[in-house]
Every structure is written in structure tokens, then in C-alpha cells.
1. In segment 41-60, what residues are aliphatic (A, V, I, L, M) and in a strand (DSSP E or B)?
2. If MET70 meets every condition in (1) under 12 Å from the mean Cα position of the chain (by Cα); (2) at negative phi apart from one, which number is that one?
3. Can you tell which of PHE17, PHE28 is open to solvent by 90 Å² or more (accessible area, probe 1.4 Å) and at pLDDT below 95?
4. If I ask for residues that are in contact with a Phe, Trp or Tyr (Cβ under 8 Å, 6 or more places away or on another chain) and of a type in the set (A, V, I, L, M), which ones from segment 101-127 would you list?
5. In segment 89-101, which residues are of a type outside the set (Phe, Trp, Tyr) and either touching a residue at least 24 places away in the same chain (Cβ under 8 Å) or surrounded by fewer than 16 Cβ atoms within 10 Å (Cβ to Cβ) (or both)?
6. For the structure I just gave you, tell me whether TYR56 is among the hydroxyl-bearing types (Ser, Thr, Tyr) and open to solvent by 40 Å² or more (accessible area, probe 1.4 Å).
7. Identify all residues within segment 61-72 that are hydroxyl-bearing (Ser, Thr, Tyr), part of a loop (DSSP other than H, G, I, E, B) and either under 17 Å from THR39 (Cβ atoms) or at pLDDT below 95 (or both); write none if there are none.
8. All but one of (1) under 18 Å from ASP37 (Cα atoms); (2) surrounded by 17 or more Cβ atoms within 10 Å (Cβ to Cβ) hold for ASP75; which doesn't?
Amino acid sequence: SKTQLVAAGAGFIVGAFVSFLFFYTHVFIEMGIVRADATITYSEGVFTPNEITIMYGDVVQFTNASSGWMWPASDLHPTHELYSAFDPQDPIAPGGNWLFTFTRSGAWRFHDHITPRAQGVITVGEE
């Protein structure tokens with residue numbers, strides 16, 4: 001029916017927009033259009049702060065202030081299966097940033113995939 005077609009079209013548009021925002025959030029932050037709600041800095045094997053509490057939908061920026069590469073990702077190491085979207089899929093160069101929007105409530109333990117002893121937890125409030 002026409003109503004179903006309109007609903008499907010609206011769903012497609014919303015999905016495409018959310019995907020666009022997900023993949024280009026870092027560009028928007030650099031341009032000052034979007035701001036990170038929290039920043040976690042990685043420096044020489046330590047995340048600072050290593051525990052934060054945020055709201056559902058908040059953006060967390062991971063900043064690499066170390067001389068080596070970092071790869072923040074959800075536990076469990078090495079599969080990152082507890083929150084598989086919370087994984088940049090590639091290491092972040094020294095001086096680089098990675099941004100992630102948390103859309104799942106709970107306490108999410110994370111680690112550096114390269115140096116797994118570097119760990120932390122991000123607690124995300126209810127939707």
C-alpha cells in the first residue's frame with residue numbers, strides 16, 4: 001500500500017542519515033559542527049580517565065597522545081564481541097583520534113587491542 005511505501009521510504013532515509021553521521025562524525029567534530037561529549041586520552045599504555053559515565057547517544061573521542069599506535073575496542077580481547085561496533089577496525093596513529101557514539105546502555109569494558117593491559121570502562125545510561 002501507499003502507506004507502507006511511504007513508511008519504508010522514510011525508514012530508508014533515516015537509516016541513510018544515521019549511517020552518514022556514524023561515518024562522518026570525526027569530520028563534523030573537526031569542523032566544530034559536532035562536539036565530543038567526553039575524551040579519553042591514551043598515553044604510553046594508559047587510558048586517562050580509565051572510567052567514565054556518559055549518557056546514551058554520547059560521543060566519546062579517543063585521542064592517541066602516545067608515541068605508538070593505539071586501538072581502543074570493547075572486551076573481550078581479541079574478538080571485541082561484547083560490543084562489536086565499539087572497535088575502529090584499524091589502529092589509530094600517534095596524534096590521531098577516533099570517535100564513537102554509544103548507542104547501547106550498560107558498562108562497557110574496553111582495552112587497547114595492541115597493548116591489552118591498558119583497560120577501562122565506559123558506563124552508558126539508559127536510552
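The values are calculated or read from the model by the stated rules, or taken from the named source; none is laboratory data. Since the model is a prediction, treat every value here as computed from it, not as a measurement. Glycine gets a Cβ as well: all are built from the backbone with ideal geometry, and neighbour counts include every protein chain shown. SASA here: full protein model, heavy atoms, side chains in, ligands and nucleic acids out. Shrake-Rupley method; radii C 1.70, N 1.55, O 1.52, S 1.80 Å.
1. Selection gives VAL46, ILE52, ILE54, VAL59, VAL60.
2. Failed condition: (1).
3. Numbers: PHE28 fails: open to solvent by 90 Å² or more (accessible area, probe 1.4 Å).
Among PHE17, PHE28, only PHE17 is open to solvent by 90 Å² or more (accessible area, probe 1.4 Å) and at pLDDT below 95.
4. ILE114, ALA118, VAL121, ILE122, VAL124
5. GLN89, ASP90, ILE92, ALA93, PRO94, GLY95, GLY96, ASN97, LEU99, THR101
6. Working: among the hydroxyl-bearing types (Ser, Thr, Tyr): yes; open to solvent by 40 Å² or more (accessible area, probe 1.4 Å): yes.
Taking the combined requirement at face value, the residue satisfies it.
7. Listed by number, the list holds a single entry, SER66.
8. Here ASP75 clears every test but (1).
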